[in-house]
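As structure tokens, the structure follows; a few thoughts come after it.
The values are calculated or read from the model by the stated rules, or taken from the named source; none is laboratory data. Since this is a predicted model, take the numbers as computed values, not measurements. Here Cβ is always computed from backbone atoms with ideal geometry, including for glycine, and neighbour counts include all displayed protein chains. The protein model used for the area step is the full one, side chains on, heavy atoms only, and it has no ligands, DNA or RNA in it. Shrake-Rupley method; radii C 1.70, N 1.55, O 1.52, S 1.80 Å.
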Amino acid sequence: MAITVLNASAENRVPIAATIGMFDGVHIGHRHILSFLKSEAGKRGLQSCVVTFPLHPQQVLAHNNATKLLMSNDDKLRQLADCGITYAVVLPFNSRLAATSTSDFMQMLHSQFGVRMLVMGFNHHFGCNAPSNFEDYQQLGRQVGIEVLKAPEYTGEYAPVSSSIIRKLIDEGDVATAANKLGRPFKLSGVVVHGEKNGRKIGFPTANIEPEQSLLVPAGGVYAVMATLADGRRFGAMCNIGTRPTITSSLRRSIEVNIFCFDEDIYDTILTVDFIHRLRSECRFSSLNELAQALAADRQTSVTILNSLNHNI
């Protein structure tokens, strides 16, 4: 079921229980909060809602475009829907919103979106000059008609968990540990574009993808991955991220996916890659023949890894 995105002018609003945050990645820590939200909402006869933002606050406050996201806003909404969240409020994070006080922000949520209960995550703060303790949030909530609850901290097997920790793991290429904290493999989607077709010349044709510039790309190297076509078909594959030093002296990074047992024209379609395991770093080989031998070994290792994880290549 798709999530319903609310706007401030909607009529016949239902009373809502909400939580606020970027929710980038919708990782297992987020899901812990969402589970608490749904449980407490159900006790009060309220509908669950996530108040979130399409841009990372650092991109606005610090003008830091280097802060890359784990997923697009559309993917985030799909993940929230999969978690059983009924509604979403997507607010453009801008300088005006950043200057809004905690009290005014709560008043806006209450009057414009029907929020009656607010769940705060562990150590979470919001609003300009935000209060430092939870009791102050509760007091501000009572003043505008919002009950404020604190969600229990996630202390499970993969704690600590945060979007920033996961970004660092992916930036270092540790996609296996990142998957544990996400609760699923890290995904990257992009349009399949024309490349130089060098891989085809040595027996390893690739689909070159170009993701949105706002999205995080894993560290350079070779990965065992699962590739999902636009029509939903899934294939085992391997992916190289890097500058292809054996073939070119260009420093332009490419993302090339060699899909196993597949030979179809998929240009201009969306390809989604699930990163399962990093095999090795990218390196320069002395010849194309040596590169082809390394790729053959990478493919066999990828098949072994994917089969061991029941991906059935």
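Name the residue that is modelled with the lowest pLDDT, counting only residues in the range 266-313 that are among the hydrophobic types (A, V, I, L, M, F, W, C), part of a loop (DSSP other than H, G, I, E, B) and out of contact with any helix residue (DSSP H, G or I) (no Cβ under 8 Å at 6 or more places or on another chain). Give the derivation first.
Looking only at the range 266-313, we keep the residues that are among the hydrophobic types (A, V, I, L, M, F, W, C), and these are 266, 270-271, 273, 275-276, 279, 283, 285, 288, 291-292, 294-297, 303, 305-306, 309, 313.
Those still in the list that are part of a loop (DSSP other than H, G, I, E, B) too: 266, 283, 285, 309, 313.
Filter again for out of contact with any helix residue (DSSP H, G or I) (no Cβ under 8 Å at 6 or more places or on another chain), leaving 266, 283, 309.
Working: Ile266: 96, Cys283: 82, Leu309: 90.
Checking each candidate, the answer is Cys283.
Tell me, yes or no, whether the range 135-144 has at least one residue that is in contact with a helix residue (DSSP H, G or I) (Cβ under 9 Å, 6 or more places away or on another chain) and polar (S, T, N, Q). Steps first, please.
Taking the range 135-144 as the starting set, the residues that turn out to be in contact with a helix residue (DSSP H, G or I) (Cβ under 9 Å, 6 or more places away or on another chain) are 136-137, 140-141, 143-144.
This time we only want the ones that are polar (S, T, N, Q), so: 143.
Yes; the residues of the range 135-144 include at least one that is in contact with a helix residue (DSSP H, G or I) (Cβ under 9 Å, 6 or more places away or on another chain) and polar (S, T, N, Q).
Quick check: is even one residue across the range 46-53 assigned to a helix (DSSP H, G or I) and not acidic (Asp, Glu)? Spell out the reasoning first.
Keep residues of the range 46-53 that are assigned to a helix (DSSP H, G or I), which gives none.
No, every residue in the range 46-53 fails to be assigned to a helix (DSSP H, G or I) and not acidic (Asp, Glu).
For the range 95-121, give me the residue count where each residue is of a type outside the set (S, T, N, Q), open to solvent by less than 40 Å² (accessible area, probe 1.4 Å) and assigned to a helix (DSSP H, G or I).
At the first step, the residues of the range 95-121 found to be of a type outside the set (S, T, N, Q) are 96-99, 104-106, 108-110, 113-121.
Then drop every residue that is not open to solvent by less than 40 Å² (accessible area, probe 1.4 Å), which leaves 97-98, 105-106, 108-109, 113-115, 117-121.
Right, trim to assigned to a helix (DSSP H, G or I) and you get 97-98, 105-106, 108-109, 113.
Total meeting the criteria: 7.
May I ask you to verify whether Tyr158 is surrounded by fewer than 20 Cβ atoms within 10 Å (Cβ to Cβ), touching a residue at least 12 places away in the same chain (Cβ under 8 Å) and on the phi < 0 side of the Ramachandran plot? Please lay out each step first, then the result.
Details: surrounded by fewer than 20 Cβ atoms within 10 Å (Cβ to Cβ): yes; touching a residue at least 12 places away in the same chain (Cβ under 8 Å): yes; on the phi < 0 side of the Ramachandran plot: yes.
When the stated conditions are applied, Tyr158 passes them.
Got at least one residue in the range 43-55 being among the aliphatic types (A, V, I, L, M) and either modelled with pLDDT under 95 or open to solvent by 60 Å² or more (accessible area, probe 1.4 Å) (or both)? I'd like the intermediate steps shown before the answer.
Taking the range 43-55 as the starting set, the residues that turn out to be among the aliphatic types (A, V, I, L, M) are 46, 50-51, 55.
Still in the running and either modelled with pLDDT under 95 or open to solvent by 60 Å² or more (accessible area, probe 1.4 Å) (or both): 55.
Yes, there is a match, as at least one residue in the range 43-55 is among the aliphatic types (A, V, I, L, M) and either modelled with pLDDT under 95 or open to solvent by 60 Å² or more (accessible area, probe 1.4 Å) (or both).
Considering the range 166-201 alone, what residues qualify as being open to solvent by 30 Å² or more (accessible area, probe 1.4 Å), touching a helix residue (DSSP H, G or I) at 6+ places or on another chain (Cβ under 7 Å) and closer than 20 Å to Asp75 by Cα?
Passing the criteria: Gly183, Pro185.
For Phe235, are the conditions met, namely being in a strand (DSSP E or B), open to solvent by 30 Å² or more (accessible area, probe 1.4 Å), under 24 Å from Lys76 (Cα atoms) and hydrophobic (A, V, I, L, M, F, W, C)?
Values: in a strand (DSSP E or B): yes; open to solvent by 30 Å² or more (accessible area, probe 1.4 Å): yes; under 24 Å from Lys76 (Cα atoms): yes; hydrophobic (A, V, I, L, M, F, W, C): yes.
So Phe235 fits the description; yes.
Name the residue, out of Leu295, Leu306, that is surrounded by 14 or more Cβ atoms within 10 Å (Cβ to Cβ), closer than 15 Å to Ile247 by Cα and not aromatic (Phe, Trp, Tyr).
Working: Leu306 fails: closer than 15 Å to Ile247 by Cα.
Sole residue among the options that is surrounded by 14 or more Cβ atoms within 10 Å (Cβ to Cβ), closer than 15 Å to Ile247 by Cα and not aromatic (Phe, Trp, Tyr): Leu295.
Report the residue count in the range 253-265 for those that are within 24 Å of the chain's Cα centre (by Cα), in a loop (DSSP other than H, G, I, E, B) and in contact (Cβ under 8 Å) with a residue 40 or more places away in the chain. Spell out how you get there, then give the answer.
Filtering the range 253-265 for residues within 24 Å of the chain's Cα centre (by Cα) gives 253-259.
So of that shortlist, the ones also in a loop (DSSP other than H, G, I, E, B) come out as 253.
After this cut, where a residue has to be in contact (Cβ under 8 Å) with a residue 40 or more places away in the chain as well, the list is none.
Adding up the residues that qualify gives 0.
Residues to consider are Pro205, Pro131, Pro245; find the one that is within 30 Å of Ala99 (Cβ to Cβ) and at pLDDT below 95.
Details: Pro205 fails: within 30 Å of Ala99 (Cβ to Cβ); Pro245 fails: within 30 Å of Ala99 (Cβ to Cβ).
It is Pro131.
How many residues does the range 105-121 hold that are without any contact (Cβ under 8 Å) to a residue 60 or more places away in the chain and not aliphatic (A, V, I, L, M)?
So the answer is 4.
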